[in-house]
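This report concerns only the one structure given below.
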């Protein structure tokens, strides 16, 4: 599906899974919807869900199939997190710059992700709603230095004004490609056992016969 | 044998191939059918009776996949012989990736019914504890009338399909049970009417579409549910569907599904269902509905 619904060109494509984490009202869903329904990319929308979105990208000649998994932000579902983020290549942790609590939540997620998935996962900490700069309650400096201290990248976005979103995803994809390449090289050297390759990074040859599926990535066929 | 080889030669296109394999595997006279029968009997002898031990689940599921590969290899063997008799050769060495694809997409669904009963029993045993907690959860949640349950699960009020609660004269809204999201619930229940992982996943996708369709109808416009809204609704539907041994179901689907679905929509929906299953096991799902303003209808 997402991985195999490639175009006519033969070759390899990276498939990445990215989880979207953040409290209820930080705007994480609008952020991704904005990205996937970007007006410049209207024709490339491949799925129509709000909770599971996919996007195909071409970055420096490398084809990437991105699958973005939304998660429920309510506190009572917190314990379900690990079910969603296993095998993820990246995580986007969103907070609302006007809401100090939502930033604290992000910190908790970071701790948990690092504990469960180690350094293999690319983390993005995203301060959303920069259109509300006047009501900012999380200082830029604090957020950025925190991100640096945990090996994450920090981004400033506004889903409302469509600011910073394209950069966020592009950057994340580049980092995930790098991580995947390091993995591949490690495998290529035979230095690690083949079973050690992470399941999340699948490099899949596009099958010619898959095209009959209508090019969509939904598995309706 | 002549006929069998001729048939293999004639049916090489995907659709025809599937039909041909289906027929061959269900025939007790066809070599592939005979092979499958032997595998099935061996499998039963191994994993039924004293072999039904949860620690053997991993082995058993590997074995079923192995059998699918062996049957595919046997088919390729037949094809090779058939071609040689015509003075042709099999094109080239088979790509392992294409082979795995064929095995999962084509062969596994055809042979899974032969092993399903014993295999599922092992999954039952392996997930017995969680399944029993989950059963307690759904038994308890089934006591809630619809609106009480929607409230208990914190489904946002504007998403409640209140119009679906048709009332008889002596009923109150707050007492009706099993009317909300009925279409979605029925879809989910269909998941257990097939053994094919792909068909199960299709039912799950239909369930999800039904939830969205119901919500869109309530709101009077097309509505795409973010996870914050979808998850409570899916928990509602899962609890109403009351599928027994949901844990065993989920894990069997995940192990047996075509790996090409990994990371895609099916994987996502199965994960969402798994999270509902986990959530229903929680202690606070075992609370009784408060007796205030609620009596048995």
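Data overview
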{"read-out": "Filtered residue count, segment B:27-50, keeping only those that are part of a loop (DSSP other than H, G, I, E, B) and farther than 20 Å from residue B:120 by Cα", "value": "4"}
{"read-out": "Test: residue in segment B:85-97 that is at pLDDT below 95, within 30 Å of residue B:56 (Cα to Cα) and not in a loop (DSSP other than H, G, I, E, B)", "value": "yes"}
{"read-out": "Enumeration of residues in segment A:116-153 that are in a strand (DSSP E or B) and surrounded by fewer than 18 Cβ atoms within 10 Å (Cβ to Cβ)", "value": "A:153"}
{"read-out": "Meets criteria (at pLDDT 90 or above, within 11 Å of another protein chain (Cβ to nearest Cβ), outside any helix (DSSP H, G or I) and out of contact with any helix residue (DSSP H, G or I) (no Cβ under 9 Å at 6 or more places or on another chain)) for residue A:58", "value": "no"}
{"read-out": "Hey, residue B:222 within 12 Å of chain A (Cβ to nearest Cβ), over 15 Å from residue B:271 (Cα atoms) and either modelled with pLDDT of 95 or more or not in a loop (DSSP other than H, G, I, E, B) (or both) or not", "value": "no"}
{"read-out": "Qualifying position, being facing chain B (nearest Cβ under 8 Å), under 25 Å from residue B:231 (Cα atoms), modelled with pLDDT under 90 and surrounded by fewer than 23 Cβ atoms within 10 Å (Cβ to Cβ), among A:50, A:79, A:2", "value": "A:50"}
{"read-out": "Any hit, segment B:72-80, residues being more than 14 Å from chain A (Cβ to nearest Cβ) and under 30 Å from residue B:125 (Cβ atoms)", "value": "yes"}
{"read-out": "Some residue of segment A:80-92 being in a strand (DSSP E or B), out of contact with any helix residue (DSSP H, G or I) (no Cβ under 7 Å at 6 or more places or on another chain) and farther than 26 Å from residue B:154 by Cα", "value": "no"}
{"read-out": "From B:206, B:242, B:217, B:254, residue being over 11 Å from the mean Cα position of the chain (by Cα) and free of Cβ contacts under 8 Å to residues at least 24 places away in the same chain", "value": "B:206"}
{"read-out": "Meets criteria (in a helix (DSSP H, G or I), more than 10 Å from every other protein chain (Cβ to nearest Cβ), under 17 Å from residue B:180 (Cα atoms) and out of contact with any strand residue (DSSP E or B) (no Cβ under 6 Å at 6 or more places or on another chain)) for residue B:248", "value": "no"}
{"read-out": "Selection status of residue A:135, more than 18 Å from the chain's Cα centre (by Cα), free of Cβ contacts under 8 Å to residues at least 24 places away in the same chain and more than 22 Å from residue A:173 (Cβ to Cβ)", "value": "no"}
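The values are calculated or read from the model by the stated rules, or taken from the named source; none is laboratory data. This one's a predicted model, so the numbers in the text were calculated from it and none came from an experiment. Glycine also receives a Cβ, built like all others from the backbone with ideal geometry; neighbour counts cover every protein chain displayed.
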